[in-house]
1. For an R0 of 25 angstrom, estimate the FRET efficiency from the Cβ-Cβ distance between Ala47 and Arg243 and round to the nearest 0.05.
2. Beyond 30 Å, what percent of the Cα pairs of the chain remain?
3. Through the Karplus equation 6.51 cos²θ - 1.76 cosθ + 1.60, θ set to phi - 60°, convert the phi angles of region 94-105 into ³J(HN,Hα) values in whole Hz; use x for Gly and Pro.
4. Kindly provide the helix-only [θ] at 222 nm of the chain, computed as the sum of -39,500 (n - 2.57) over DSSP H runs of four or more divided by all residues, to the nearest 500 deg cm²/dmol?
5. Roughly what % of DSSP beta bridges within the chain run antiparallel, to the nearest 5?
6. Residue by residue, what Karplus-based ³J(HN,Hα) values in Hz, rounded to whole numbers, does region 298-310 have, using 6.51, -1.76 and 1.60 with θ = phi - 60° and x for Gly and Pro?
7. Which residues among region 215-259 fall inside the zone where the amide N is under 16 Å from a point 7 Å beyond the Cα of Trp271, along Cα→Cβ?
8. DSSP loop (so not H, G, I, E, B), at most 15 other Cβ within 10 Å: list which GluC sites (Glu not before Pro) in region 89-171 pass both filters.
Amino acid sequence: MGAAVAAVIGVLVLLPDRLGLDGVVPLADSIAFRPQLAVVTTVLALAALAYRRMRTAAVALLAVSVVALALVVPRGVARPPSPSTAPTLTVLSFNVDRGEADVQSLAEVVRRVRPDVVVLPESATRYSALVTAAIPDLGYRSSVAARPGAPDVAGVTVLTAASLGPVAGRVIEQGRFDPWLELSDGRLGALRLVAVHVSAPVPQKIGSWARELPQLQTWCRPGAGPVVLAGDFNATLDHRFFRDGTRGCQDAGVVSGQGLVGTWNAAWPWWAGAQIDHVLTGGGPEPVDMTVLDLPGSDHRAVLARVRLG
C-alpha cells in the first residue's frame, strides 16, 4: 500500500502532464519546475532507502523520479549544429516586466550585440519610445502590437535592424488578452518572425493559456514555411500544451544545451527557475546557439539566440 501511495504522489508531482492534469492550477504551475522537483524527489527517495519500513515506498518514488529526470536531463546536453555557411539571424527576447526593465541596460546590450531582431513582451508604445530614444543612431525600426492606450503590460514591441529593411507587421489578437505580432517581408523574405506573449497559467487566465499554446501549430506544423518564434511563452517543455503546440519546431535552448537555465524568476538562481522564454525555429531555420542574460529591472532574464537561416 505504501508503494502505491508513493507512486501516485510521485506521478501527480512529477508527471501530471502524462495524465492530462497539467491544464489545471496549481499543477500547471508546479510542473514548470519538474527539473528541480525531480532532483529533490530523487534525493529524498535515496535517503528513505536507508529505512527498512520505507524501502518499498522509496523504491516506487525513486522509479518515478528517474523517469522525470530522463525527461529533463537531455535539455542540458548541447547538440552541435552541422557546419554551414548560411546566413544567421540574431534574436534578443526580453520580457520587460510591465515596462519596468532598465532601459539603459537594455540599450547597452543592443548596442554591444547588435541583434537583428529584439522582441520585448510587456512593452507598448511608451516603453518602445524609451528604447528607441536610447539607441537613435542604430537605426532600429519599432513595431508595436497593443490596443490604443494599452499599458506596457498588455503590449509587445519588436525592434528590427535597419539591415532587414522595411518589414510588414500583422497583429494577432488573443481575445481579451495580449496580442502577438508577426513580421515578414523586407530582407526577412518568406520568413515569418512571430513575437509571442502567451497568457500566464493563473486562475483567471488558465483557459486562455490552454487555448493559445496549441495555436503555435499555425507556424510549427509541417509545411507552414520558415518561421522564428520568440518571446514569453509562459510554458516549459514540461507542459503538454507547449509540446503539442511547438511540435515541428526546434527550441534554441534545448539545441544549445541551455534548456535547464531558468529565465523566470530572475530573482532566483538560474538553476532554481523555469525556462518559459524561448526562441523557436521551424520550416528550415535552425538554432545555432543561445545565451541567457541577466538584465536589471525585470523578473525575467533575456534570451539571446542565433538562428541559421539556410
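1. Working from the Cβ atoms, E equals 0.20.
2. The share of Cα pairs beyond 30 Å in the chain comes to 33 percent.
3. Going residue by residue, I get 8, 6, 8, 6, 6, x, 9, 4, 5, 5, 5, 5 Hz, with x marking Gly and Pro.
4. -8500 deg cm²/dmol
5. Of all bridge pairs located within the chain, approximately 80 percent are antiparallel.
6. For region 298-310, the Karplus-derived couplings read 10, 8, 10, 8, 8, 10, 10, 10, 10, 10, 8, 8, x Hz, x marking Gly and Pro.
7. Those under the cut-off are 258-259.
8. Glu100
Throughout, read-outs are computed from the coordinates displayed, never taken from laboratory work. These numbers were taken from a predicted model, which means no experiment stands behind them. With ideal geometry, Cβ positions are generated from the backbone for all residues, glycine too; neighbour counts draw on all protein chains shown.
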